[in-house]
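Data first, discussion second: the structure below is written as structure tokens.
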Amino acid sequence: MEATGTDEVEKIKSKFMSAWHNMKYSWVLKTKTYFSRNSPVFLLGKCYHFKTEESGELSTDGANFDKINTEISGNVEEFRKDFISRIWLTYREEFPQIKGSALTTDCGWGCTLRTGQMLLAQGLMLHFLGRAWVWPEALDMDSDSESWTSHTVRKLTASFEASLTAERDPKILPQPQAQPQRGTRRNWDVNERRNEAYHRKIISWFGDSPLAAFGLHQLIEYGKKSGKMAGDWYGPAVVAHILRKAVEEAKDPELQGVTVYVAQDCTVYSSDVIDRQCSFMDSGKAGTKAVIILVPVRLGGERTNTDYLEFVKGILSLEYCVGIIGGRPKQSYYFAGFQDDSLIYMDPHYCQSFVDVSIKDFPLESFHCPSPKKMSFKKMDPSCTIGFYCRTVQDFEKASEEITKMLKSSSKEKYPLFTFVKGHSKDYDFASSPLHEENDLFSEDEKKRLKRFSTEEFVLL
């Protein structure tokens, strides 16, 4: 009986926490974001112009898109369509319990894992869909922020009432009549059907269930090998190594053509990258793998050094850039673009309900952000991880040359942020490659490096 009483207390406590998280993390889309009409906007290598004869700012909260000058409406809609097409992964609640814990939500602690997921998702989108792909239903998204918050208010009220009455299944207040399912009115051609199948498949790999290859449950399991547990805070460098291990261990045949390389101590060893790209695939056939390169860096000491702004803007101007895992102190964001001295990002701090991605035609809307957000570069936390995608060895060699020039031009007599070095890491007295031991997913060298990252960097909530 005592155990039963304790369980009931824990359930009531969980309901209160869920209600609190709904209130705390459900208003991120309420704020408006303004873009200058006189400066170009960059989003993962693509440039958009909103310039008109009139000066001033343009709101992109969704509601005002239909009211802007017709001269720039086309470009704004293209930008909006491109932005919405990126995969957005946020806090979730009511998902299957995480192994070894009582947690069914990542609210308050999982944001860096979510931004890492978004970066990896962009890399996979480049691999399977290409940079030019946009979601055909993007402009059908309901951008009215009220539609995103009204359901939360109902859930908040229901959760509090359920907590007070100890109801197991809180009743949510009636919702407005649902809109017809999107996409049913379109006639999909063969290529669109193929792309949509990959679109759904990529999202399903990030589902919040134990079987999803890059879902929260799997990432936490890999994190345990570096001393991290569910509910802990994760830094961007640790997440980079967790993503590498997740891709390495993925069983889906579609993922055998992709690998992840994490830079060692701000150094990318070219021969190690090429070895990964030219490794044998699990099918037994020799082939070249695409590589996602992750570079954990610090953009300063306690605060971000503004001298690095031009380099960060240059990186986000590259089409093979897959974004930056970063944020502000204690909050992780996925940076995907910029305008002037402000970074454009997607915010994972929005609590949404669990979506079962294993069912056919699961709803996609909650995986796409209806409106971008901006933040001054000066407010950025210095600890971050930069990501690039290279489909072939030739692409990697070209990218390393291009980025090296960018690093040299931005260093200003200081050491560059990171470097590309010819040869293998073992040639410089570093461990050559991760050990594949049956009961130990990380080598001793990786464990030491991860421990150092965990203690030295600014850990993001």
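The values are calculated or read from the model by the stated rules, or taken from the named source; none is laboratory data. Bear in mind that the values here come from a model prediction, so they are computed numbers and not experimental data. With ideal geometry, Cβ positions are generated from the backbone for all residues, glycine too; neighbour counts draw on all protein chains shown. Surface accessibility is based on the protein's heavy atoms, side chains included, excluding ligands, DNA and RNA. Shrake-Rupley method; radii C 1.70, N 1.55, O 1.52, S 1.80 Å.
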(request) Just reorder Tyr91, Tyr415 by solvent-accessible area, largest first, 1.4 Å probe, all chains present. (result) Tyr415, Tyr91
(request) Determine the principal axes of the Cα atoms in segment 262-394, then give the extent along each, sorted from largest to smallest and rounded to whole angstroms. (result) 48, 44, 24
(message) What are the ³J(HN,Hα) couplings of segment 191-208, residue after residue, when phi is run through the Karplus curve with 6.51, -1.76, 1.60 and θ = phi - 60°? Round to Hz, x for glycine and proline.
(response) 5, 5, 5, 5, 5, 5, 5, 5, 3, 5, 5, 4, 4, 5, 5, 9, x, 8
(request) Place a label point 7 angstrom from the Cα of Asp232 along the Cα-to-Cβ direction, then list the residues of segment 330-348 whose backbone nitrogen is under 11 Å away. (result) none
(message) List the pairs from Lys225/Lys405; Lys313/Lys373; Lys99/Lys228; Lys289/Lys373 whose alpha-carbon separation is above 25 Å, in the order I gave them.
(response) Lys225/Lys405; Lys289/Lys373
(request) Mind giving me the nanometre distance, one decimal, between the label points for Lys81 and Trp188, set 7 Å out from Cα along Cα→Cβ? (result) 1.8 nm
(message) Can you list residues from other chains, or at least 5 along the same chain, whose modelled amide H is less than 5 Å from the amide H of Ile324?
(response) Phe335
(message) Between Lys51 and Tyr198, how high is the FRET efficiency from 1/(1 + (r/R0)^6) when r is the Cβ-Cβ distance and R₀ = 22 Å? Nearest 0.05.
(response) 0.05
(message) With every protein chain left in place and a probe of 1.4 Å, what is the accessible surface of Arg92, to the nearest 10 Å²?
(response) 10 Å²
(request) Give me the percent of the accessible area of segment 178-279 that comes from carbon and sulfur atoms, probe 1.4 Å, all protein chains in place. (result) 51 percent
(message) For segment 205-247, report the % of Cα-Cα distances exceeding 12 Å.
(response) 54 percent
(request) Whenever you get a sec, line up Lys99, Lys422 from highest to lowest accessible area (probe 1.4 Å, protein heavy atoms). (result) Lys422, Lys99
(message) What figure, in Å² to the nearest 10, do you get for the accessible area of Met229 with a 1.4 Å probe and non-protein molecules left out?
(response) 90 Å²
(message) Using a Förster radius of 30 Å, what is the FRET efficiency between Asp361 and Thr104 based on their Cβ-Cβ separation? Nearest 0.05, please.
(response) 0.75
